[in-house]
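A.B. asks: My structure is below; once you've seen it, I'll send some questions.
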């Protein structure tokens, strides 16, 4: 069944099994993600207990020498010796694409560069540096996010206050002043304010959700029990237990009538009606009747669905509601580079093409989406040790699995 908005907010990101990147202690969700602003794509590898990088042909570019590393972003990658905060002896810095340490290992923790700045920690507090390593914004924040369209979300603490969240510009000036968390969320992972999507961010005040713009102005007053982020010009909102959609002006476009609803992707949103899932367009018209026990979003023209609750097998439909792949696999991903990962009954992963043909056998302990012709995969040895490698679209290893 489609997740209610409350459950979706609790997740904040699409539900999935632990990824290879998690196992490699990367901060990115998917190893195969395209690197921001990079002309040459470098991929992380583990060799023994150390981390290095290879190119898309499987050639080692940065010799494994670090305890941890992020993906490259804007030409630099954060690297680590020790585990941040684990033993008090960790250090972090940045390397270039040749493996040279450009910014010395003098930080306690480090995030990726975005819009020319990166958040770094000297201990308890975070600040921001430029690509020369110069401190641009002093470390005064309890937490610090990446810059996007000139703003970064930061957290500050005060005596007797769990956390305040605000947004700063690249000089460190608060554009949106820190706001105390809604009391109901102080002990959990909810901050009462989200990131910006299509120019607006969720804000929770006195138990109700609304949206503010990049100046901090409340453009859609807090009046909803739950909300989703804006996507394709619309956001799902919940009123008296029913979900509908508003536009960026706060106008009700689709009246609240659904048990739950997802974001719009490819012009369609999955909705739940009487325990079944279907899809609506942006006028609220039901274009794919609610007949599926479970359904995921449309992506690149396809959506994963489950027809039978007891069998609980996933298949794929197109926007005409035609079954492209019959419900026959335990799990199925989205198409990237023309291939989608699938999980067989024995929990092994492989890949199918858009006709449903299995083109790479289900033999991996885990598999990531393809990106630029490559995908990260893992295999499990007889003694349950996982090794990680990379394959091309033919299923051939460009890097054989290593620990």
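A short reminder: the numbers here are calculations on the coordinates, not readings from a lab. Keep in mind the model is a prediction, meaning the values are calculated, not measured. Here the Cβ positions follow ideal geometry from the backbone for every residue, glycine too, while neighbour counts run over all protein chains shown.
A.B. asks: Please work out how much length the chain gains when fully extended from residue 239 to residue 89, using 0.36 nm per residue of separation minus the C-alpha to C-alpha distance, in nm with one decimal.
C.D. replies: My answer for the length gained is 49.0 nm.
A.B. asks: Oh, and also: Go ahead and run the numbers for FRET between residue 251 and residue 158, Cβ-Cβ distance against an R0 of 51 Å, rounding to 0.05.
C.D. replies: 0.85
A.B. asks: Separate question: Within 10 Å of each residue's Cβ, count the other Cβ atoms and sort 355, 157 from fewest upward.
C.D. replies: 355, 157
A.B. asks: Modelling each spin label as a point 7 Å along the Cα-to-Cβ direction, I'd like the residue 149/residue 195 distance in nm, to one decimal.
C.D. replies: 1.3
A.B. asks: Place a point 7 Å from the Cα of residue 274 along the Cα-to-Cβ direction; which residues of the range 309-339 have their backbone N under 18 Å from it?
C.D. replies: 309, by backbone N distance to the label point.
A.B. asks: Sticking with this one: Out of [x] 39; [y] 23; [z] 28, which label holds the value of percent of Cα pairs over 38 Å apart that was computed here?
C.D. replies: Calculated percent of Cα pairs over 38 Å apart: the matching label is [z].
A.B. asks: At residue 311 and residue 283, where each label point lies 7 Å from the Cα along Cα→Cβ, what is the point-to-point distance in nanometres?
C.D. replies: So the label points at residue 311 and residue 283 sit 3.4 nm apart.
A.B. asks: Given an 8 Å cut-off on Cα distances and at least 6 residues of separation, report the relative contact order of the chain as a percent.
C.D. replies: With pairs under 8 Å counted, the relative contact order is 9 percent.
A.B. asks: Further question: Can you give me the relative contact order of the range 298-395 as a percent, contacts being Cα pairs under 8 Å and 6 or more apart?
C.D. replies: Rounded, it is 16 percent for the range 298-395.
A.B. asks: Sort 336, 70 by Cβ crowding within 10 Å, fewest neighbours at the top.
C.D. replies: With the sparsest Cβ surroundings first, the list reads 336, 70.
A.B. asks: Then there is this: In percent, how large is the relative contact order of the range 34-135, given Cα pairs closer than 8 Å and 6 or more residues apart?
C.D. replies: So the answer I get is 16 percent.
A.B. asks: For residue 101 and residue 397, what does the FRET efficiency come to when R0 = 35 Å and r is the distance between their Cβ atoms, rounded to the nearest 0.05?
C.D. replies: Calculated value: 0.70.
A.B. asks: How big is the range 250-307 in terms of Cα radius of gyration and Dmax, in angstroms?
C.D. replies: Reported Rg and Dmax, both Å: 10.8, 35.
A.B. asks: Also, quick follow-up: With a Förster radius of 45 Å, plug the Cβ-Cβ distance of residue 321 and residue 385 into 1/(1 + (r/R0)^6) and report the FRET value to the nearest 0.05.
C.D. replies: 0.55
A.B. asks: Can you tell me the Rg and Dmax of the range 189-269, counting just the alpha carbons, in angstroms?
C.D. replies: Expressed in Å, the Cα Rg and Dmax of the range 189-269 come to 11.7, 34.
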